[in-house]
Amino acid sequence: MLLTILGGCGAWPGAGQACSGYLVEHDGFRLLVDPGYATVPRLLERVTADRVDAVFVTHGHPDHCADLNPLLRARAWSDDPPAPLPVYAPPGALDAVLALDRPGMLTDAHVLREFTAGDRLDIGPFRARTRLLPHSVPNAGVRLTAGGRTLAYTGDSGPSPEVVELARGADLLLAEATYVDRVPESSRRSLSSALQAGRQAREADVPHLLLTHLQPGTDATAALAAAGTEHDGEIGIAAPGLAVDLS
């Protein structure tokens, strides 16, 4: 299983950056997870739009799904349009982004497969276990397993025992870490810090932690240090272009 980071900014893309977006590959199958703002140009540096096999969206905030629109446009307006793209998302999460174009324009470019957080899915070679994690809108964390390896991804989430259960024993945890160590009172149920991500990775016995969704301007070095006070395994930042081979 190969994970490639397309972007890892939270809320909006910083200069030269992109929001949440992750390409997960196994046995030639390409799964795009959370196509947030500015991720499609980075995706297209690696593969053409028709080579994406499926999309998984954790929740409906635009920094996690806005670039589904240009991806579908690229497929729909191709000289030889590919088969409809399977798109997995919680109910209603993609209503806004799918309404950006005139009715029917992108209908043949995708097939929407809505699921409820807690469902188990088969997406190509991936076995996907989803879990409802706390956020301001319904957010489905996901555990992807293929080839004997497991990647757990929180989407956006406040700290919760559910995150630990999602990640328990995984090879890698890709974890929300908007802040370094202190989360504002107004966001404590819906967003996390690097410190909390480190603690949850330790509790889940995950050897490799990648911090993602850092708000633009957040000190990455400070975030790594904060996570390291709780977790003594490998820790990194989900920086664009980073590729991690879980095998």
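Overview of results
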| read-out | value |
| --- | --- |
| Selection within region 95-111 - crowded, with 17+ Cβ neighbours inside 10 Å and either part of a strand (DSSP E or B) or among the polar types (S, T, N, Q) (or both) | His110 |
| Leu211, sole failed condition from (1) farther than 21 Å from Ala38 by Cα; (2) of a type in the set (A, V, I, L, M); (3) in contact with a helix residue (DSSP H, G or I) (Cβ under 9 Å, 6 or more places away or on another chain) | (1) |
| Residue check, Leu32 at pLDDT 95 or above, under 15 Å from the mean Cα position of the chain (by Cα), more than 20 Å from Leu191 (Cα to Cα) and buried (at least 24 other Cβ atoms within 10 Å of the Cβ) | yes |
| Checking Ser247 against (1) under 24 Å from Thr130 (Cβ atoms); (2) in contact (Cβ under 8 Å) with a residue 40 or more places away in the chain; (3) surrounded by 15 or more Cβ atoms within 10 Å (Cβ to Cβ), the condition it does not meet | (3) |
| Criterion: hydrophobic (A, V, I, L, M, F, W, C), touching a Leu at 6+ places or on another chain (Cβ under 6 Å) and surrounded by fewer than 24 Cβ atoms within 10 Å (Cβ to Cβ) - qualifying residue of Ala74, Ala54, Ala66 | Ala54 |
| Pick from region 202-223, criterion over 19 Å from His135 (Cα atoms) and touching a strand residue (DSSP E or B) at 6+ places or on another chain (Cβ under 6 Å), ranking: surrounded by the fewest Cβ atoms within 10 Å (Cβ to Cβ) | Pro216 |
| Any pair with Cβ under 7 angstrom, 6 or more apart, that starts in region 26-49 at a residue that is farther than 18 Å from His64 by Cβ and ends at one that is small (Gly, Ala, Ser) and in a helix (DSSP H, G or I) | Ala49/Ala74 |
| So Pro41, is it at pLDDT 95 or above and surrounded by fewer than 23 Cβ atoms within 10 Å (Cβ to Cβ) | yes |
| Filter pass, Gly118 being under 30 Å from Pro159 (Cβ atoms), surrounded by fewer than 14 Cβ atoms within 10 Å (Cβ to Cβ) and without any contact (Cβ under 8 Å) to a residue 24 or more places away in the chain | yes |
| Residues within region 131-149 that are touching a helix residue (DSSP H, G or I) at 6+ places or on another chain (Cβ under 9 Å), part of a strand (DSSP E or B) and surrounded by fewer than 24 Cβ atoms within 10 Å (Cβ to Cβ), tallied | 3 |
| Count - residues of region 4-24 that are part of a strand (DSSP E or B), surrounded by fewer than 22 Cβ atoms within 10 Å (Cβ to Cβ) and not polar (S, T, N, Q) | 1 |
| Count - residues of region 81-91 that are in contact with an Asp or Glu (Cβ under 8 Å, 6 or more places away or on another chain) and surrounded by fewer than 21 Cβ atoms within 10 Å (Cβ to Cβ) | 5 |
| Residue under evaluation Gly217, criteria (1) modelled with pLDDT under 95; (2) farther than 28 Å from Ala38 by Cα, criterion not met | (2) |
| Hey, Pro70 at pLDDT 95 or above, of a type outside the set (Phe, Trp, Tyr), in contact with an Asp or Glu (Cβ under 6 Å, 6 or more places away or on another chain) and farther than 24 Å from Glu162 by Cα or not | no |
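The values are calculated or read from the model by the stated rules, or taken from the named source; none is laboratory data. The structure displayed is predicted, hence computed values, not measured ones. FYI the Cβ positions are ideal-geometry reconstructions off the backbone, even for glycines, and counts take in every protein chain you see.
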